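Every read-out reported here was derived from the displayed coordinates using simple, explicitly stated rules and does not represent laboratory data. Predicted model, so just to flag it, every value in this text is computed and none were measured. Note: ideal-geometry Cβ built from the backbone for every residue, glycine included; neighbour counts use all protein chains shown.
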Amino acid sequence: MSHVEALREEEALLVHICNLTGQSAVGPLGGPAPGQVQEGASADVSVLGGQHPTEPSPDLSASGRHRSEKGAAPKAGAKQPLLRDLVLDLLRTHDEPRLAREVHEEFLRKHPARQPSVQVVRNTIEGLVAKGHVRRHKQGRSVMYSVSESVTANSV
């Protein structure tokens, strides 16, 4: 494959990406980018694996997310509570400090539709520590978390 052919394939891919995101691909003189399909014109679809450049990829939804992603966007109008609020509520239900892993496991049991990783839950808890809503307790190499007294007295 020559250098020019490689550049054309890369350009076609970039035009395809621009079409998927709704951005217009503009050529150097302000017209359509070379290789961009104009109405009534046919495109070289071999570069895109037989797919027309203006058609969305079959495995992508309208939002650009893969349909198989676990964190799919909620339906329009349905507002989910913030992860930090749910985690804080879980920590409030316990009197003793908890490991981030334990909070994560309880979160998955109580909110099966949401699937954050242990690290995301830990980062969320650390953010609550930084704001003073949660206290960090170290016991050897383990780090445990509990709700601050100021938060238990006042609702956040």
Problem - Distant-in-sequence amide H partners of V147 (H built 1.01 Å from N, under 5 Å) - result: R135
Practice task
Count the net charge of all other residues whose Cβ sits under 14 Å from the Cβ of D89, scoring Lys and Arg as +1 and Asp and Glu as -1.
Solution key: +4
Completion exercise
Ranked output for segments 91-103, 137-149 by mean other Cβ atoms within 10 Å, highest leading, reads 91-103, 137-149
Fill in the blank from the handout: Mean Cβ-within-10 Å packing, highest first, puts peptides 124-130, 107-113 in the order 124-130, 107-113
